[in-house]
Structures are given as C-alpha cells and as structure tokens.
Amino acid sequence: MRLLEALRIEKPILSAPMAGAAGPELVAAVCNAGGYGVIPLWGKTKEQVGTGIDELRELTDQNFAVNLNLSFPYVDQLEMCIEKGVHGVSLFWGMEPSAIERAKAGGLTVLSSVGTAEEARTATEAGADVIVAQGWEAGGHVWGKVSTLALVPAVVDAVDVPVVAAGGIADGRGMAAAIMLGASGVWIGTRLLASSEATIHEVYRKRILQASEDDTQWAHDLYDVAWPDAPHRALSNSTSQGWIDAGCSAPGQRPNEGEQIGRRPNGDPVVRYQSYTPLPETSGDVEAMSLWSGQGVSMVREIMPAADIIDEICQTAKRLLSSEQSALMFSK
Ligand SMILES: Cc1cc2nc3c(=O)[nH]c(=O)nc-3n(C[C@H](O)[C@H](O)[C@H](O)COP(=O)(O)O)c2cc1C
C-alpha cells in the first residue's frame, strides 16, 4: 500500500520508460488504467521537456513521472519538471545524490533506478521515495549485473522505502513472484512493447512476438554509437551475429562499422551499432538495428491495448497470491 500512497495510483504497475517506444499515448494509457506511467524525456531540450509534459497532460489527468538520464545533460530538464510541477521524476544511469536532493527540494517524488543494494542505500539517504531495482534480465540499457530474483530481496532488505521490481516481469506470474520477494510493485518494459500504443517498427514488433527467452543478448558495448559504455540487452540479429562471428571484436574493429543501415523518420542516418529504437516510420534494414528486449520476451505473444495488459497482469497476480494457490502447492 505504501507504493500506491506514494504514487497515488490504484494498481502497483509502472510502465518502464522506453526511449522511442513509450510515447505519450502509451504512458497515458497506463495512467488512465490505474497504473503509473513514466515518460522518457531525456535527450530533449528544456523546452521540449516542457512540451512533452504538456502533451501528456492533454491525455491524462493522472500522476506520472518524467524519466531523465544522469549520464546526459539533465539539470535544465529537471528544472523544467519542477517548474511544471510534475508528480515524479525517474532517474537512471548513474547515482547522483545531488539530483535526488534537488528534485526533492523542488517537490517531486523521486524514483531512483539501481542495480545493487548499496546504490539503493545511497539513493534513499539522499531522499529517494521509491527504488526501482533493475535486474539483469531487463531489456534496453541494463545498469547492473544482478538478476531480478537475487536483486529485489537484497534491495528490499537494504532500504525502508517501497521497491519496484524491473527486469523479466512480463505477466502476472512474474508480478506475483516479485511481490513474494518483497517488491511493492513492478516496472514493465518488454511486455508493453507489444501494446497497441507502443511506437515501434513493425519488423521489431514481429520479432518481439516470435522471440524465445534465449534470443536476447547482453553486451557491454555492441550498440555504442551515440551512447558509449552503456551495457544493454537486445534481440540477437544480423548485426550481433556478424559481430560474434568476427570474435566479438572491440569498437573500432567490428564488421561494417560506420555503415549506414537506415534512416530516421526525419531523414537522419542510422548507422550500424547505433543505440536507436526503430520507430514505425524508420526506413532501411530495421532487423539489423538495436532491437531492445528483455529475457521475458517469450511471454509476449500478442498485441493488446496497454490497459488490458495492466489489467491482465494485476488480475493474474492477485489470483496467484490468494490462498487458493498456496493450497495447491502445499499439502499442509
Ligand atoms: C525499448 C526499450 C527502451 C528503454 N529505454 C529506457 C529509457 O529511456 N530509460 C530507462 O530508464 N530505461 C529504459 N529501458 C529499460 C526499462 O526501463 C526497464 O528497466 C526494462 O525494460 C525492464 O525489463 P523488461 O524489459 O524485462 O520488462 C528501456 C527498455 C526497453 C526495452
């Protein structure tokens, strides 16, 4: 209940911010379904952050958070969140106590993404209200190296604020498991890539719907163009296979480096090894781009409205957590 109170929501499900894929329609749909939406607005100018907040407010009057990336310029963006009086800010890719303190002083609820219990302690000492424990199973950029199953209880034991579990949670079974580990809620990424509202290319969506749990690959610096030194998990594809065949060579020595493989909707080139989420209007060899995905992808088999995904996950988790389930498991 502490999470529901902190975020003033009805259902303890948060939509993972997914740069490119989670735009205002998806985030608003999650908010309007009783969850908490998180909109990625990092990499934008201060003015664009303001416009992004206004656009989302046109679609929902519920609480949401803005996701900022601490390894890119974030100070002006954070000030805009404060000026606009958004409910929350989600900080990832770095641990900056001063950013947490500034957000708190500005009246925001702070969600801090971590990969270890030690980071969770640092974040809560600086005032973070909610900790997002991101396990290694997660899709997209993956901060830590510990799996969700091991990370969540370690973080829960380390801090006295609500912990949200992220990474590999794609259905009600995962949600129930996370709650049994002590989490107060879940943060869903890959499953929501298969929502009607996600803004991803058809080729990417098809691969998500077909991929198995063994089809993703974690790499330290495969898709490092535009964002170096940032480990990530994506679907295996012709780019990752070519790189493996070449002996996982270091950046600068990989096959076809610098080759243009497509174009963004605005005409800008997309090059091989670029950190880029292909949008519906992206053109070129989309299969060869960074198709971010978590290991929970094998549970993602159908496109559904985000509200139905949220509802289904909650209903299943509720049923599994009821005493009926334990009666099935234990004879006494
Ligand atoms: C396509 C995609 C883009 C992502 N972009 C971001 C981002 O901009 N900010 C962020 O904090 N996390 C980002 N992530 C990571 C998610 O927040 C989350 O930790 C992850 O999706 C959880 O694991 P799951 O995919 O197994 O549900 C992204 C993940 C995906 C799949």
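Residues that are part of a helix (DSSP H, G or I) and crowded, with 16+ Cβ neighbours inside 10 Å were ranked within the stretch 282-299; the one that is nearest to the ligand (Cβ to nearest atom) is GLY296.
Only one of the numbered conditions (1) in a loop (DSSP other than H, G, I, E, B); (2) surrounded by fewer than 16 Cβ atoms within 10 Å (Cβ to Cβ); (3) within 16 Å of the ligand (Cβ to nearest atom); (4) among the small types (Gly, Ala, Ser) is not met by GLY267, and that is (3).
Residue by residue, here is whether (1) in a helix (DSSP H, G or I); (2) over 30 Å from MET180 (Cα atoms); (3) over 22 Å from the mean Cα position of the chain (by Cα) holds:
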residue: GLY242; (1), (2), (3): yes, yes, yes
residue: GLY247; (1), (2), (3): no, yes, yes
residue: ALA250; (1), (2), (3): no, yes, yes
residue: GLN253; (1), (2), (3): no, yes, yes
residue: ASN256; (1), (2), (3): no, yes, yes
residue: TYR276; (1), (2), (3): no, yes, no
residue: PRO280; (1), (2), (3): no, yes, no
residue: ARG301; (1), (2), (3): no, no, no
residue: ILE309; (1), (2), (3): yes, no, no
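For ASP221, the conditions (1) open to solvent by 40 Å² or more (accessible area, probe 1.4 Å); (2) out of contact with any Pro (no Cβ under 6 Å at 6 or more places or on another chain); (3) touching a residue at least 24 places away in the same chain (Cβ under 8 Å) all hold with the exception of (2). Quick check: is even one residue across the stretch 291-299 touching a Leu at 6+ places or on another chain (Cβ under 7 Å) and modelled with pLDDT of 95 or more? Scanning the stretch 291-299 turns up at least one residue that is touching a Leu at 6+ places or on another chain (Cβ under 7 Å) and modelled with pLDDT of 95 or more.
Within the group GLU83, GLU25, GLU5, GLU58, which residue is part of a helix (DSSP H, G or I), open to solvent by 70 Å² or more (accessible area, probe 1.4 Å) and either closer than 28 Å to LEU291 by Cβ or among the hydroxyl-bearing types (Ser, Thr, Tyr) (or both)? Before you say what the answer is, go through the steps one by one.
Details: GLU83 fails: either closer than 28 Å to LEU291 by Cβ or among the hydroxyl-bearing types (Ser, Thr, Tyr) (or both); GLU5 fails: either closer than 28 Å to LEU291 by Cβ or among the hydroxyl-bearing types (Ser, Thr, Tyr) (or both); GLU58 fails: either closer than 28 Å to LEU291 by Cβ or among the hydroxyl-bearing types (Ser, Thr, Tyr) (or both).
Matching residue, one of GLU83, GLU25, GLU5, GLU58: GLU25.
Report yes if ILE39 is touching a residue at least 40 places away in the same chain (Cβ under 8 Å) and under 25 Å from HIS232 (Cα atoms), otherwise no. When the stated conditions are applied, ILE39 does not pass them. Restricting the stretch 162-176 to residues that are in contact (Cβ under 8 Å) with a residue 60 or more places away in the chain and among the hydrophobic types (A, V, I, L, M, F, W, C), the residue that is surrounded by the fewest Cβ atoms within 10 Å (Cβ to Cβ) is ALA176. Can you name the residue in the stretch 178-217 that is over 24 Å from THR239 (Cβ atoms) and surrounded by fewer than 24 Cβ atoms within 10 Å (Cβ to Cβ) and is also nearest to the ligand (Cβ to nearest atom) among such residues? Restricting to residues being over 24 Å from THR239 (Cβ atoms) and surrounded by fewer than 24 Cβ atoms within 10 Å (Cβ to Cβ), the top hit is GLU197. Looking at ARG272, ARG319, ARG233, just one residue is within 23 Å of ARG173 (Cα to Cα), basic (Lys, Arg) and over 19 Å from the mean Cα position of the chain (by Cα), and that residue is ARG319. Collect the residues in the stretch 28-52 that are more than 21 Å from ALA128 (Cα to Cα) and open to solvent by 40 Å² or more (accessible area, probe 1.4 Å), keeping them in residue-number order. Passing the criteria: ASN32, GLY43, LYS44, THR45, LYS46, GLU47, GLN48, THR51.
Any idea how many residues of the stretch 153-171 are farther than 17 Å from LEU3 by Cα and within 14 Å of the ligand (Cβ to nearest atom)?
Kept after step one, since they are farther than 17 Å from LEU3 by Cα, are these residues of the stretch 153-171: 154, 167-171.
From what's left, within 14 Å of the ligand (Cβ to nearest atom): 167-171.
Looking only at that region, the number is 5.
Tell me which residues, restricted to the stretch 273-292, are within 21 Å of GLY43 (Cβ to Cβ) and touching a helix residue (DSSP H, G or I) at 6+ places or on another chain (Cβ under 6 Å). Once the filter is applied, which keeps residues that are within 21 Å of GLY43 (Cβ to Cβ) and touching a helix residue (DSSP H, G or I) at 6+ places or on another chain (Cβ under 6 Å), the stretch 273-292 yields PRO278, VAL286, LEU291. So for the stretch 133-141 (the condition being farther than 25 Å from ASP221 by Cα and within 12 Å of the ligand (Cβ to nearest atom)), does at least one residue qualify? For the stretch 133-141, residues farther than 25 Å from ASP221 by Cα and within 12 Å of the ligand (Cβ to nearest atom): absent.
Of all the residues in the stretch 224-236, those that are among the aliphatic types (A, V, I, L, M) and open to solvent by less than 20 Å² (accessible area, probe 1.4 Å) number 3.
The values are calculated or read from the model by the stated rules, or taken from the named source; none is laboratory data. This one's a predicted model, so the numbers in the text were calculated from it and none came from an experiment. No Cβ is skipped: glycine too gets one built from the backbone with ideal geometry, and neighbour counts run over all protein chains shown. Heavy atoms of the whole protein, side chains included, go into the accessibility calculation; ligands, DNA and RNA do not. Shrake-Rupley method; radii C 1.70, N 1.55, O 1.52, S 1.80 Å.
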